1. Might you let me know whether the range 61-70 holds any residue that is open to solvent by 60 Å² or more (accessible area, probe 1.4 Å) and among the small types (G, A, S)?
2. State the number of residues belonging to the range 46-81 that are among the β-branched types (V, I, T) and within 16 Å of R31 (Cα to Cα).
3. Go through the range 24-59 and give me each residue that's of a type in the set (G, A, S), more than 17 Å from W83 (Cβ to Cβ) and at pLDDT 95 or above.
4. Determine if the range 51-67 includes at least one residue that is of a type in the set (A, V, I, L, M) and part of a loop (DSSP other than H, G, I, E, B).
5. Among the residues of the range 80-98, which ones are part of a loop (DSSP other than H, G, I, E, B) and closer than 23 Å to R10 by Cα?
6. Pairs under 7 Å by beta carbon, first residue free of Cβ contacts under 8 Å to residues at least 60 places away in the same chain and within 11 Å of L46 (Cβ to Cβ) in the range 72-87, partner surrounded by fewer than 19 Cβ atoms within 10 Å (Cβ to Cβ) and of a type in the set (D, E), six or more apart or different chains?
7. Please determine, by comparing only the residues of the range 21-31 that are open to solvent by 10 Å² or more (accessible area, probe 1.4 Å) and touching a strand residue (DSSP E or B) at 6+ places or on another chain (Cβ under 7 Å), which one is farthest from A106 (Cα to Cα).
8. Scan the range 32-42 and tell me whether some residue there is open to solvent by 30 Å² or more (accessible area, probe 1.4 Å), in contact (Cβ under 8 Å) with a residue 40 or more places away in the chain and not hydroxyl-bearing (S, T, Y).
Amino acid sequence: MTDADLNQLRAVCANAEVKTESGRTYVFLPRLVMPPGREPSAVDALLCLGEHSGYTTRLFVAEQIKGKGANWSQHTVLGRSWWVCSFNNVPADLRPIQILDSHLEAFRGRPRQD
């Protein structure tokens, strides 16, 4: 991940920071603001920039987003419990900000444009 990539994520989440575990790169996004009308409105999140548990990329959240996402499962990453919904095929070769935006589609409630 480049400094420019991290700066783009910090424009969305000021305290974004890169973390690694088991050869995977994650971006910790404390108090990431969810799309309007979602509850909770902000949640700690962890963006996985590569394959995880059979998915091309993943967005883990500290709490389930009420009424959005499907097939929620719980994982332990970086020593913390996280929730993730079933949302696949967000390519790892996108810029990190594009990966994040694509995953947030699961919580916006409109179909993703591939």
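1. The first filter runs over the range 61-70 and keeps only residues open to solvent by 60 Å² or more (accessible area, probe 1.4 Å), leaving 63-64, 66-67.
Those left that are additionally among the small types (G, A, S): 67.
The answer is yes, given that some residue of the range 61-70 is open to solvent by 60 Å² or more (accessible area, probe 1.4 Å) and among the small types (G, A, S).
2. Initial filter on the range 46-81 (among the β-branched types (V, I, T)): 56-57, 61, 65, 76-77.
Among the residues that remain, those that are also within 16 Å of R31 (Cα to Cα) are: 61, 65.
Residues flagged as among the β-branched types (V, I, T) and within 16 Å of R31 (Cα to Cα) within the range 46-81 amount to 2.
3. Taking the range 24-59 first, the residues of a type in the set (G, A, S) are 37, 41-42, 45, 50, 53-54.
Still in the running and more than 17 Å from W83 (Cβ to Cβ): 37, 50.
The one that is of a type in the set (G, A, S), more than 17 Å from W83 (Cβ to Cβ) and at pLDDT 95 or above: G50.
4. Filtering the range 51-67 down to residues of a type in the set (A, V, I, L, M) leaves 59, 61-62, 65.
If we keep only those that are part of a loop (DSSP other than H, G, I, E, B) too, we end up with 62, 65.
Looking through the range 51-67, at least one residue is of a type in the set (A, V, I, L, M) and part of a loop (DSSP other than H, G, I, E, B).
5. We begin by selecting, within the range 80-98, every residue part of a loop (DSSP other than H, G, I, E, B); these are 85-95.
Listed by number, the residues that qualify are V90, P91, A92, D93, L94, R95.
6. The qualifying pairs are V77/E21; L78/E21; W83/E63.
7. Just the residues of the range 21-31 that are open to solvent by 10 Å² or more (accessible area, probe 1.4 Å), to begin with: 21-25, 28, 30-31.
Those still in the list that are touching a strand residue (DSSP E or B) at 6+ places or on another chain (Cβ under 7 Å) too: 21, 24-25, 28, 30-31.
Numbers: E21: 25, R24: 22, T25: 21, F28: 19, P30: 19, R31: 18 Å.
Result: E21.
8. So in the range 32-42, the residues open to solvent by 30 Å² or more (accessible area, probe 1.4 Å) come out as 33, 36-39, 41.
Among the residues that remain, those that are also in contact (Cβ under 8 Å) with a residue 40 or more places away in the chain are: 38.
Next cut, not hydroxyl-bearing (S, T, Y) only: 38.
Scanning the range 32-42, I find at least one residue that is open to solvent by 30 Å² or more (accessible area, probe 1.4 Å), in contact (Cβ under 8 Å) with a residue 40 or more places away in the chain and not hydroxyl-bearing (S, T, Y), so the answer is yes.
The values are calculated or read from the model by the stated rules, or taken from the named source; none is laboratory data. Keep in mind that what you see is a predicted model, and the values were worked out from it rather than measured. For neighbour counting, all protein chains shown are included, and Cβ atoms are generated from backbone atoms with ideal geometry for every residue, glycine included. Protein only, heavy atoms only, side chains kept; ligands, DNA and RNA dropped before computing areas. Shrake-Rupley method; radii C 1.70, N 1.55, O 1.52, S 1.80 Å.
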